[in-house]
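Trainee: I have a structure I would like to understand better, so I am pasting it below and will then ask my questions one at a time.
No value in this document is a laboratory result; all are computed from the given coordinates. Quick caveat: nothing in here was measured; it's all calculated off a predicted structure. Here Cβ is always computed from backbone atoms with ideal geometry, including for glycine, and neighbour counts include all displayed protein chains.
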Amino acid sequence: MEKAESNNYNITDLMKEEKDLPEGSYKLGFKSVTSRGYRIDEWTGSWVATALVYQIVSGIVLFFYYSQIDPYHSTLYMIDDVPFGHIILTSHLYMAYAMIALVYFHMMRQWFVGTYRGKWRWLQWMLGVVLFLLTIFTAILGYMLANTAIAMAAVHIGILFMQRSVMGRILPGNLINWLEAILIGNYTTPALFSHLLALHVAVFTSLMLGIFVVHFMLFERSGLASDKPKKGEMIPWFPTNLLYAMFSGIVLVGIILIFAAVFPQTLTLAYGSLAYGTFPVPDWYITPVYKLMDVAGYGLGTGGVPLLIGILMFIFLLPFIDRYHNKGVLERPWITAFGIFMLIGIAVMTVWGYSQPGLSQTRLMTLYLWWTITFISFITVYAMRFAKRDGELIENN
Amino acid sequence: MANDKNYIPEPEKRAFLKGAGLSIAALMIGGLSVERYVVPKDRGVPVMDNFPLAILEDPSGNRITTDDVIKYAAASPSSTSTPILVFNYPLQDEPNFLLVLKGVKITTPDRSLVPSSGYSPIPPSSKAPMDGIIYTSYGGSNYSIIALSGICQHLGCVPPFLDYHPGNSIPFESKLIGYQENAPNTPAQWPNYGLIYCKCHGSQYNPQWGGRNLYNNGPAASPANHSLPQIMLATDSNNHIYAYGINSSNAVIRTHLQFPNGETYGSQVKSEDLTGGTAIRTSRSPTAYPSSLVTGDITSSSSAKILSTSSLDLNANSSGIILYRTSVVSNENVNGMDWKGSFSGSTSNNKL
């Protein structure tokens, strides 16, 4: 007779290093770091993870009160009648903004530091790009859910995009019919918002969560890129790493809650209402893409969409495009210049798109813009390289 | 066993291949049949056989007349904007503008209004939508009532993003793109009585030319590649207004292509007949349909045409033609008339 196993109630044992795994077992590890790893710029990912967790928790609360039958008024109800509803809804919105901003920050940090190569980091980077897209799509779905005028404009644009873009023209009709039915139902209001809600709270969020877990475990497998593990100097993952991540996360949540309390969200014009002069602008994370279409200069089909796909493919394949042997930011001048180009481009497109959304620009204007940004990007990198070399020469002499 | 380098797992390999093949076959068969389990049964099925005959009402349910519309639109002649008038047709959530073009009479097609340069002239016999001369409109000598789809042909933006701007309130963005009030060499290029402008992506339409898309005129192109569809209006002897169809000679409402020969405007417009939506409300008294409708310039009886309902090409059942109702809603109250409301189909009562 074999004895039944006794329960282990010491949760900290889960974090203990296991040395006696049988052959064929696999271990998911949490890596320890040296004290040099505890720098805030090494932890940009923990903020994004915190934002994801906060969105799930606050989203569940909002989910209790949302109604697909009357989306706009149920949102109004959350603001006016649910206890703490206004601050939960506002913080959900602001944390979504913060999450997108932090994803950009997280991505650009890895871009400049060059931590997308080596070990499993290439895969981690590519999954990160997928997570970036999922974050944007989930955000857009969330902003559609309120049934405001701007939300329905986005829905209509999305539907027509499917019908008229590459999808509608190339894929067989049955498949498009099936896809549209899955994504939007039969076009009636309750069906449309049931579908959008399911996509927002279940489909995209689950995908994001699943890929995030793989992204995170790959990081734990590879460890900090800039950290050099040294025997005797490692600080155990539990509880130090966990607490460090949690405390920085709590600071983020605190900042968002303060903003949500000081600047509560106002619901824009309901879909169907008519008004002069009150035109809501799309959310800021959409305006760069929106403006990119305006300044593409050659129309959506021939200019904007291929340009957008090209930029995304470049980012996605960055670990393989970067063939430089060295890792330093100035040792990879073209990659760094492209990074600066991205930074300026996104900032310019966001601000411009927010002030003049949907206003087509001339081709000449477009050319001036892109060449100016390209010039600035490359001149700064090469100027810094020359300055660095001069400094080294002076030092050596 | 497994550590032996010479070991070849033949039976397992075969079983795996069999399993994989079966799975792929099952996926293919299942994939073919899955569509009907996922796609709603009412998808792709027309909501109604033909365009409905709908009487225009105010949000309280009172039938409106041409005089009401003219009075409403003339309410603030000195202001920089006129009240927006919108009604759903042919289905819910498909808004249309009810426009009163001031100082313009468009009952007779006027070729002089169509620019000779910039557009290739298309003979009227052609079905092409760009000839800009197929109109049906109603109203007094100084006003013309016209109904145009409020769904932008570019990417489907609706009012208030797509909006009619009278001549004294042309938006700044539109001027930036190319609208010139007094363009010396192109007198017919830009309408001085205003234009329909879409805030989403800058599409511009000329309401006088039957919602014709003004593309490639300015320094930057208007993105839409179709004209705004025109809603066919008719009036009865009480001057009540009816919508009875969409002028297919002009353009097609997005996703509602009604052509006997199918698609004529390129692969990007799908051929669907009144599918994908919810019907507008029917009349409280279904039998009270008009026996005759008048169309044409109602101020001059000589040019007015009497149309029977059969000439409108509407389907009738045993109890006659079903009369539908659609509410004309506005952004403001005018002259004691309260038409303020919402065109959203999600609210059962269009009163806000």
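Trainee: I need two numbers for segment A:59-178: Rg to one decimal and Dmax as a whole number, Cα atoms only, in Å.
Mentor: Reported Rg and Dmax, both Å: 18.6, 52.
Trainee: So if we plug the beta-carbon distance of residue A:313 and residue B:25 into 1/(1 + (r/R0)^6) with R0 = 35 Å, what FRET efficiency do we get, rounded to 0.05? Numbers along the way, then the final one.
Mentor: Working: r = 34 Å, r/R0 = 0.97.
Efficiency, rounded to the nearest 0.05: 0.55.
Trainee: For residue A:350, what is the net charge nearby, where nearby means another residue's Cβ is under 15 Å from its Cβ and Lys, Arg count +1, Asp, Glu -1?
Mentor: Combined, the nearby Lys, Arg, Asp and Glu give -1.
Trainee: If we sort A:107-118, A:208-219, A:237-248, A:12-23 on the protection proxy, mean other Cβ atoms within 10 Å, highest first, what's the order?
Mentor: Result, highest mean first: A:107-118, A:208-219, A:237-248, A:12-23.
Trainee: Here's a follow-up. Kyte-Doolittle cut-off 0.5, length cut-off 24 Å along the helix's own axis using Cα: show which whole DSSP H helices in chain A pass.
Mentor: Helices passing the filter in chain A: A:44-65, A:85-113, A:121-144, A:204-222, A:242-262, A:333-355.
Trainee: For segment A:1-132, evaluate the Debye formula with one uniform point scatterer on each Cα (no solvent term) and list log10 I(q)/I(0) at q = 0.11 Å⁻¹, rounded to two decimals.
Mentor: Normalising to I(0) and taking log10 leaves -0.70.
Trainee: Going down the table (A:291/B:340; A:119/B:13; A:291/A:327; A:27/A:119), which pairs top 23 Å between alpha carbons?
Mentor: Working: A:291/B:340 34 Å; A:119/B:13 32 Å; A:291/A:327 33 Å; A:27/A:119 17 Å.
Among A:291/B:340; A:119/B:13; A:291/A:327; A:27/A:119, the Cα-Cα distance tops 23 Å for A:291/B:340; A:119/B:13; A:291/A:327.
Trainee: If the convex hull of the alpha-carbon atoms of segment A:50-91 is projected onto planes in all directions, what is the mean projected area in square nanometres?
Mentor: Mean projected area for segment A:50-91: 2.8 nm², to one decimal.
Trainee: Follow-up question, since we're still on this one. Order these peptides, A:88-101, A:306-319, by their mean beta-carbon neighbour count within 10 angstrom, highest first.
Mentor: With the highest mean Cβ count within 10 Å placed first, the list reads A:88-101, A:306-319.
Trainee: In units of 2.2 N^0.38 Å, what is the alpha-carbon radius of gyration of segment A:281-397?
Mentor: Relative to the rule-of-thumb radius for its length, segment A:281-397 sits at 1.28.
Trainee: Could you tell me, in Å, what Rg and Dmax come out for the Cα atoms of chain A?
Mentor: Over chain A's Cα set, Rg and Dmax evaluate to 24.2, 85 Å.
Trainee: Further question on the same structure: For peptide A:220-231, how many partner chain Cβ atoms fall within 10 Å of a residue's Cβ, on average?
Mentor: Values: counts 0, 0, 0, 0, 0, 0, 0, 0, 0, 0, 0, 0.
The shielding value for this peptide is 0.
Trainee: When Lys and Arg each count +1 and Asp and Glu each count -1, what net charge do the other residues less than 14 Å away from residue A:65, Cβ to Cβ, add up to? Intermediate results must be reported in sequence, preceding the final value.
Mentor: Details: positive: none; negative: A:70, A:80, A:81.
Counting the neighbours of residue A:65, the net charge comes to -3.
Trainee: State which entries of A:19/B:18; A:16/A:230; A:31/A:388 exceed 31 angstrom in Cα-Cα distance in the structure shown.
Mentor: Going by Cα-Cα distance, A:19/B:18; A:31/A:388 fall outside the 31 Å limit.
Trainee: Return the average number of partner chain Cβ atoms within 10 angstrom of each residue Cβ along peptide B:151-159.
Mentor: Values: counts 2, 4, 1, 5, 11, 11, 9, 6, 5.
Across B:151-159, the average partner-chain Cβ count within 10 Å equals 6.
Trainee: Take every residue in peptide A:150-156, count the Cβ atoms of other chains within 10 Å of its Cβ, and give the average of those counts.
Mentor: Mean shielding by partner chains, rounded to a whole number: 5.
Trainee: Give the peptides B:18-27, A:328-337, A:128-137 in descending order of average Cβ contacts within 10 Å, highest first.
Mentor: Going by the mean number of other Cβ atoms within 10 Å, highest first, we get A:128-137, A:328-337, B:18-27.
Trainee: Subtract the Cα-Cα distance of residue A:6 and residue A:77 from 0.36 nm times their separation in residues, and report this length gain in nm to one decimal.
Mentor: Full extension of this stretch gives 20.5 nm more.
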